[in-house]
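Here the structure comes first, spelled out in structure tokens, and everything after it is commentary.
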Amino acid sequence: MPDLHKRHFLKEADFTRDEWAYLLDLSAELKQAKRERREQQRMAGRNIALIFEKTSTRTRCSFEVAAHDQGAHCTYLDPAGSQLGHKESVADTAQVLGKIYDGIEYRGFGQERVETLARYAGVPVWNGLTNEWHPTQMLADQLTIREYLGRDLDQVSIAYVGDARYNMGNSILVSSALMGSDVRIVAPEEFQPAADVVLQARQLADGSGAQITITDDIAAGVKGADIICTDVWVSMGESKDAWVSRIAALRDYQVNSGLLGLTGNKFVKVMHCLPAYHDLDTTVGREVYEASGMDALEITDEVFQANADIIFDEAGNRMHTIKAVMVATLGD
Ligand code: CP
Ligand code: NVA
């Protein structure tokens, strides 16, 4: 059994396939133990700092509930409520929090910030999303895929459709490559992952047997896929002004019934890390509708509702997988 004690959790490529599989297995085990009311606390008395430089629903709640289930206590530092960034450097903050806390979660901007925290904190640091990577989301997605398809990840084909230059596109590509999946990135050329990310994925694929396709051809990219994934077209930290050009570039890549038809797989399932713009019940959704006339963006409401079971189970699995990361790196 891999020993991840005292390790950081910063990005997928820091882990071997066995280590990643162990985290998935541990997540499943902890999920079942909670369901059967026989969970044992392996983090009793630990203190956890949660730094959020960007907003969150799922990630914050998952860290808090997972820590509570395991006997640990959390302090939440909201996007405006600490000295980090404006009055105190990441390195200094890391050293301060490392004296007070046993583990630190960070959500924010550049990956270099969470890497700096890890360098200076002296305690495990967990990436709760950066511009470049969203590794806790990947564990949740892969656990969900295993649950729904009942197959190992090297027997699964997954197509990510949309803005693939950012955390979700990068992380799906690299985590799927690590685990030997058939992964397709389907996006216009300027929205495809950077060359160094693709190279990393190809190197991992050499070891895992993964198949990697990067294409702007929607029909070829989604053909035969078991899973279609997408994400918002404008991510946290980007300007609202990006919507107009983003819609123009990505509207053909909307996950709708036509796109699902191109898979040729009547059992295809759709996943979304959430939050999603599938209707007009959000402020942003309404504003964009008024400007563009689109009543759904990256995914239609029809497709979203038809896949609500898997999408919300995916969200619920954030908690079990984040718990596994904390238990593995910090637990008794
Ligand atoms: N998927 C995800 O990370 O959700 P939150 O932004 O709500 O944490
Ligand atoms: N790409 C999205 C993911 C949200 C979970 C963002 O960074 O806003």
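Among what's in region 289-311 and is open to solvent by less than 50 Å² (accessible area, probe 1.4 Å) and part of a helix (DSSP H, G or I), pick the residue that is nearest to residue 226 (Cα to Cα). Here the answer is 310. Of the numbered criteria (1) among the hydrophobic types (A, V, I, L, M, F, W, C); (2) closer than 29 Å to residue 272 by Cα; (3) open to solvent by less than 40 Å² (accessible area, probe 1.4 Å), the one residue 109 fails is (3). Hey, any hits in region 11-30 for a residue that's in contact (Cβ under 8 Å) with a residue 24 or more places away in the chain and in contact with a strand residue (DSSP E or B) (Cβ under 8 Å, 6 or more places away or on another chain)? Checked against the condition, which is being in contact (Cβ under 8 Å) with a residue 24 or more places away in the chain and in contact with a strand residue (DSSP E or B) (Cβ under 8 Å, 6 or more places away or on another chain), region 11-30 yields at least one hit. Of the residues screened, residue 149 is one that is aliphatic (A, V, I, L, M) and closer than 30 Å to residue 265 by Cβ. Within the option set 115, 132, being in contact (Cβ under 8 Å) with a residue 12 or more places away in the chain and more than 16 Å from ligand 2 (Cβ to nearest atom) holds for one residue only, 115.
Residues in region 164-174 include none that are open to solvent by less than 20 Å² (accessible area, probe 1.4 Å), of a type in the set (Ser, Thr, Tyr) and out of contact with any helix residue (DSSP H, G or I) (no Cβ under 8 Å at 6 or more places or on another chain).
Looking only at region 18-73, residues that are more than 16 Å from ligand 2 (Cβ to nearest atom), outside any helix (DSSP H, G or I) and open to solvent by 10 Å² or more (accessible area, probe 1.4 Å) come to 14 in all. Here residue 153 does not qualify as modelled with pLDDT under 95, out of contact with any Cys (no Cβ under 8 Å at 6 or more places or on another chain), open to solvent by less than 20 Å² (accessible area, probe 1.4 Å) and away from ligand 1 (no atom under 16 Å from the Cβ). Criterion first (open to solvent by 10 Å² or more (accessible area, probe 1.4 Å) and either at pLDDT 95 or above or more than 22 Å from residue 74 (Cβ to Cβ) (or both)) does residue 12 satisfy it? Taking the combined requirement at face value, the residue does not satisfy it. Determine whether residue 93 is within 14 Å of ligand 2 (Cβ to nearest atom), part of a helix (DSSP H, G or I) and crowded, with 18+ Cβ neighbours inside 10 Å. It is false that residue 93 is within 14 Å of ligand 2 (Cβ to nearest atom), part of a helix (DSSP H, G or I) and crowded, with 18+ Cβ neighbours inside 10 Å. One residue stands out among those in region 100-112 that are away from ligand 2 (no atom under 16 Å from the Cβ) and in a helix (DSSP H, G or I): the one that is farthest from residue 183 (Cα to Cα), which is 100.
Within region 96-117, does at least one residue satisfy the condition of being of a type in the set (A, V, I, L, M), under 18 Å from residue 210 (Cα atoms) and within 16 Å of ligand 1 (Cβ to nearest atom)? No; the residues of region 96-117 include none that is of a type in the set (A, V, I, L, M), under 18 Å from residue 210 (Cα atoms) and within 16 Å of ligand 1 (Cβ to nearest atom). Find the residue count for region 25-60, including only residues that are more than 19 Å from residue 81 (Cα to Cα) and either within 23 Å of the chain's Cα centre (by Cα) or not basic (Lys, Arg) (or both). Qualifying residue count for the region: 18.
The values are calculated or read from the model by the stated rules, or taken from the named source; none is laboratory data. All values derive from a computational prediction rather than experimental measurement. Because the Cβ atoms are built from the backbone with ideal geometry, glycine has one as well, and the counts that use them run over all protein chains shown. Ligands, DNA and RNA are excluded from the accessible area calculation, which covers all protein heavy atoms including side chains. Shrake-Rupley method; radii C 1.70, N 1.55, O 1.52, S 1.80 Å.
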